[in-house]
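Heads up: the structure comes next, in structure tokens.
The values are calculated or read from the model by the stated rules, or taken from the named source; none is laboratory data. Keep in mind that this is a model prediction, so the values were computed, not measured. Backbone-built Cβ (ideal geometry, glycine too); neighbour counts: all protein chains shown.
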Amino acid sequence: MKEQSYSVSIVGMGYVGLCTAATFASRGIKTIGIDIDEDRIGQIQRGKAPLREPQLNQILSRVVKRKLLKATTDISNATDTDASFLTVGTPSQPDGSIDLSYIKKATESLGQALRNRRRYHLLVVKSTVIPGTTSKTVRPVLEQSSGKTIGPGLGLCANPEFLKEGTAINDALHPDKIVIGSNDKKSANELTRLYRRFYGSKLPPVIVTNPETAELVKYASNAFLATKVSYINTIANIAQHIPGVDVNQIAEAIGHDPRIGPLFLKAGPGYGGSCFHKDLQALVSYSQQQGYDPHLLKATEKTNEEQADKVVELSERLAGPLEQKRIAILGLAFKKDTDDIREASSIRVIDRLRKKGATLVGYDPMAMPNFERVFGNTIELAKNSHDALKGAECAIVMTEWDEFRRLKAKEYIAQMRNPAIVDARRIYNPVEFRELKFAGIGFGP
Ligand code: UGA
């Protein structure tokens, strides 16, 4: 590996791939971003991010201008680089199991492009894949399509990512660990050297394992986080029956125990986003195929699905039967500071409220275009939160946006026909909302 002119290619310019490419390039590593979507590549070539992520646009315009990041639809350009990272999607199939078709296709194209290349090349599987994928799927496809075998001339590693939407750039620049799974020492050493070059003296702990362990680390991490959320939501649902009990105080108290920790203990309407549900489904399905039924993980998912019912129950508690009642949904995104609505709890709640015959009006500072694209005009969308509240008989805070946090009781009272708030994210101090009907997840009646 030549230290001076090290270069990488990233195949799949989705959210993980693009953030990874931008941060590699920002550290002076020549990077080629590859995707089959011409529009996406066109935008990246102009230094514009095709998705919303804080800091991404600034970094992208800088690295494109300095020619540290190039973007192309031609995967054969990957052969000009020292290492290729696979960051293509691994969606769910209808039965919950993982769809590896993008992984196979990208590996095959890359292998074909590598056929006539003499220099060492390292393939790094960064996409979330079930244990065994790197060794049993990627490896044979790569070896067959390239006509080479893994060894002195060709390397292969699994290297999962742990980026969070909204803080992906910071997470990529300051990870808490790097996990490298490989069956040959040379591959692991090459990738460690690349990361040493990237992070210098701030290299985080590097955990080197076999590929299957690295692959399972990613699922173990997301499944644990999702279970932590379902756990605190379970406690919230119990607390909700006890007058004067507040799950936030319980979370604060148990969070002081270092074995539990304070993070990821915010009770709410259930987790969303493109990863937790998909990864839990894939892990459950994989585990069942191996002959083990993972009850805990299934309970995590079931609890999450049912959390939407809890939100609806609270709305009924405040507003009575919901048929023909006008309900304001404040927040559509799966968490704040993103326009992403994938698997958002708002969708599950909206679905239940519609079945009960409620008339819905939604507002979100960022996610409305995405919502409209997927759900058309199934619900009315308002220009701002005040408009959404106008004439409503119940307001449900579904996303913890700062602008909702700033809303005062008097603003709700001024706009609503029947001022009643369901704080599904627990962003308000109930004492400040005493003048109107108020209910919160995990907050006793
Ligand atoms: C998650 C993981 O946190 C990342 O480590 C992982 O890399 C990523 O999935 C992935 O696999 O790509 P992300 O989906 O961006 O990241 O979102 P999170 O910030 O983890 O939040 C997930 C959901 O849990 C959100 O709907 C959030 O509102 C909810 N949540 C989170 C709670 O309800 N309570 C909490 O205390 C924390």
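For the stretch 3-28, the set of residues classified as away from the ligand (no atom under 16 Å from the Cβ) and on the phi > 0 side of the Ramachandran plot consists of Gly28 only.
Residue selection: Ala239 fails the criterion of being under 24 Å from the mean Cα position of the chain (by Cα) and hydrophobic (A, V, I, L, M, F, W, C). The set of residues in the stretch 194-218 that are more than 24 Å from the chain's Cα centre (by Cα) and either of a type in the set (S, T, N, Q) or within 16 Å of the ligand (Cβ to nearest atom) (or both) comprises Ser201, Thr209, Asn210. If you filter the stretch 233-285 down to residues that are of a type in the set (S, T, N, Q) and surrounded by 13 or more Cβ atoms within 10 Å (Cβ to Cβ), you find that the one that is farthest from Ile350 (Cα to Cα) is Ser285. I need the full set of residues from the stretch 318-339 which are surrounded by 22 or more Cβ atoms within 10 Å (Cβ to Cβ) and within 28 Å of Ala226 (Cβ to Cβ), in order please. Residues satisfying the conditions are Ile327, Ile329, Leu330, Gly331, Leu332, Ala333, Phe334, Thr338.
Against the list (1) more than 28 Å from Leu297 (Cβ to Cβ); (2) away from the ligand (no atom under 16 Å from the Cβ), the condition Asn183 fails is (1). If you filter the stretch 134-170 down to residues that are among the hydroxyl-bearing types (Ser, Thr, Tyr) and either more than 17 Å from the chain's Cα centre (by Cα) or surrounded by 18 or more Cβ atoms within 10 Å (Cβ to Cβ) (or both), you find that the one that is farthest from Leu86 (Cα to Cα) is Thr149.
For the stretch 245-258, indicate whether the set of residues that are within 30 Å of Leu318 (Cα to Cα) and part of a loop (DSSP other than H, G, I, E, B) is non-empty. There is at least one residue in the stretch 245-258 that is within 30 Å of Leu318 (Cα to Cα) and part of a loop (DSSP other than H, G, I, E, B). Within the option set Gly255, Gly181, Gly261, Gly272, being at positive phi and at pLDDT 95 or above holds for one residue only, Gly261. In this structure, does Ala333 turn out to be under 23 Å from Ile427 (Cβ atoms), part of a helix (DSSP H, G or I) and near the ligand (Cβ under 10 Å from one of its atoms)? No, not satisfied.
Taking the condition within 12 Å of the ligand (Cβ to nearest atom) and either β-branched (Val, Ile, Thr) or in a loop (DSSP other than H, G, I, E, B) (or both), does Leu280 pass? Here the answer is no, as Leu280 does not meet what is asked. Close Cβ contacts (under 7 Å, 6 or more residues apart or on different chains) running from residues in the stretch 219-243 that are near the ligand (Cβ under 7 Å from one of its atoms) to residues that are among the acidic types (Asp, Glu) and assigned to a helix (DSSP H, G or I) comprise Asn222/Asp279.
The residue that is farthest from the ligand (Cβ to nearest atom), among those in the stretch 244-277 that are over 22 Å from Lys336 (Cα atoms) and hydrophobic (A, V, I, L, M, F, W, C), is Val245. Cβ separations smaller than 9 Å between residues 6+ apart or across chains give the following pairs from the stretch 397-420 residues that are within 18 Å of Ala439 (Cβ to Cβ) and at pLDDT below 95 to residues that are of a type in the set (A, V, I, L, M, F, W, C) and surrounded by 13 or more Cβ atoms within 10 Å (Cβ to Cβ): Asn418/Leu318; Asn418/Ala319; Asn418/Ala392; Asn418/Cys394; Asn418/Leu436.
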